[in-house]
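Below: the structure, in C-alpha cells.
All of the numbers you see were taken from the coordinates with simple rules; none came from a lab. Fair warning: this is a prediction, and the values are worked out from it, not measured in the lab. Neighbour counts run over all protein chains shown; Cβ positions are idealised from the backbone, glycine included.
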Amino acid sequence: MTITFADLTTIRVGGPVGRLLAAETTPHAIELLRETRSAGDPLLVIGGGSNLVVGDVGWAGSVLRMTSAELDIDGERVTAAAGMDWDRLVTTTLGEGLAGLEALSGIPGSVGGTPVQNVGAYGTVTSDVLESLVVFDRETGEIETWPIERCGFGKHRDSVFKHSDRWVVLQVTYRLRRSTRSSPVKYAELANRLGVEVGGTADAAEVRDNVLQLRRSKGMVLDPADHDTWSVGSFFVNPVLAEVPAQAAESPQYPDVNGTKLSAAWLIHRAGFAPGYGAEWGNGAVTLSSRHTLAITNRGGATAADIMAFAAHIREGVQDRFGVTLTPECDLVNCSF
Ligand SMILES: Cc1cc2nc3c(=O)[nH]c(=O)nc-3n(C[C@H](O)[C@H](O)[C@H](O)COP(=O)(O)OP(=O)(O)OC[C@H]3O[C@@H](n4cnc5c(N)ncnc54)[C@H](O)[C@@H]3O)c2cc1C
C-alpha cells in the first residue's frame, strides 16, 4: 500500500512518500541520517506532521519519521529524544512533580518539532525552559550540542531550523522546577479561568486541565472525529509590523521586540471570513475551523492544492482590507500559494 502524506500529517493532504524510514531510537536516527547522507538521498525529516503541508506530488526521496522516545530525568533537568510525543513529555514531567510545561499542554507533534518554531501557547514558549539541544549536522555529518543561544529564537515563531534543513534535532534538554505550582500564568483568559491575577501561579495540574479545556473549545486538541482539528493549528503567523497600516489600527496590538504584533485571527475575521467560512467557496472541501479563524481545515476530501488555493484567498482578502500580508506559520513542502 502506498503511504502518502495524508497518512502522516494532521491536515491529511499530500501525495506519496518515496521511502519511509522510522528512527526508533536516537542511535538509530543517527545511523539512518548517516546512511541517507552518504547515499546523497533527498531527505525530509518529520515528527508528528502537525505543522506541515506537503504538495500533492509528495516527496520522491526518503522521509525520516522521528519516533525515538528516550527520556532521562535528572533532578530538574529533563532530556527527551526528538521523536517523543510532546504532550506525553508534558504529562510525564507533571507526573514527576516537575512544573514548567503545563501551559504547553495539548500541543500536537514531537519534542524535536518544538524548537523549529519555538512552539508556544498561552503566553509561554518552549525557549522559556529549553536549556540545550543535540543536533545532527547534515552538511558535516557531526553531532553537536547547542546552547539555546544558537537556535535563533529572536522573532515570533522563528528559529534557524525554520530556514534550513541542515540540522536535525536529536534530543532536547529542558530545565524545569520541582514544584506542584505552575510557572506564572501570563495569558489573561487562562488567568481568569483559574481565578488568579496575570503573573500569579496556580496548581500546575489545574493549569493543564484548564489549558486543555480552552484548547478543545477552539478545536486545538487533535481528535480524528472532529474536522475542525484536521489542520496545522494556526495556519498564519500573527504579523509583527514596524508600522501598523491605518486600516488595521483597530486590531488588537501587542508590543513585540521587532515592532507591533497584530492578531491574524482578528484580521481574518474582520476581513469577512467568519469561523466556518468556506463551505460555499470552491468545492467546500476546505473551510476555516468553525471555532477558530486562524485554522484552515480539511473537511474530508481536500487536496494540498485545495488548501493552497484557500490560503491564497484568505491572504488576498486580508491584504485588500487591511494592507497586511499574512505569511504561513506551517512548513510548506512542494507546494506554495
Ligand atoms: C490542532 C493543532 C494545534 C496546534 N497548536 C499549536 C500551538 O498552540 N502552538 C504552536 O506553536 N503550534 C501549534 N501547532 C503546530 C504544531 O503542533 C507544532 O508546530 C509542533 O511542534 C510541530 O511538531 P511536529 O513534530 O508535528 O513537526 P512536523 O509537522 O512533523 O514538522 C514541522 C517542521 O519541522 C521539521 N522537523 C520536525 N522534526 C524535526 C527534527 N527532529 N529536527 C529538525 N526538524 C524537524 C520538519 O522537517 C518540518 O519542516 C498546532 C497544530 C495542530 C494540528
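Numbers for the structure displayed
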read-out: Signed unit charges on C-beta, dipole axis of the chain, positive-most listed residue Val78, Leu89, Ile314; value: Ile314
read-out: Ellipsoid equivalent to the stretch 227-333 - semi-axes via the Cα gyration tensor, in Å; value: 25, 14, 12
read-out: Residue (of Val169, Gly113, Ala202) at the positive-pole extreme of the stretch 106-204, dipole from beta-carbon charges; value: Ala202
read-out: Volume per residue that the Cα convex hull of the chain spans, once the total is divided by residue count, Å³; value: 133 Å³
read-out: Built amide H within the under 5 Å cut-off of Gly200, gap 5+; value: Val185
read-out: Separation of the Asn192 and Ala309 label points, Cα + 7 Å toward Cβ, nm; value: 3.9 nm
read-out: Cα-centred dipole magnitude for the stretch 77-200, charges only on beta-carbon of K, R (+1) and D, E (-1), debye, nearest 20; value: 280 debye
read-out: Theoretical gain in end-to-end length, Arg37 to Val57 [0.36 nm per residue, Cα-Cα removed]; value: 4.9 nm
read-out: Potential lengthening between Arg77 and Ala279 on full extension [0.36 nm per residue; Cα-Cα distance subtracted]; value: 67.9 nm
read-out: Under 15 Å from Lys155, Cα to Cα: aspartates and glutamates that are on another chain or at least 8 residues apart; value: Asp128, Asp256, Glu329
read-out: Trp146-Ala246 pseudo-label distance in nm [points 7 Å out on the Cα-to-Cβ vector]; value: 4.3 nm
read-out: Dipole magnitude (debye, nearest 20) for the chain, charges at Cβ of Lys, Arg, Asp, Glu; value: 460 debye
read-out: If the convex hull is drawn through the Cα atoms of the stretch 71-217, its volume per residue in Å³; value: 102 Å³
read-out: Net length gained if the chain between Glu131 and Ser164 were fully extended (0.36 nm per residue, minus Cα distance); value: 9.8 nm
read-out: Overall Cα dimensions of the stretch 5-66, principal axis frame, Å, largest first; value: 30, 21, 14
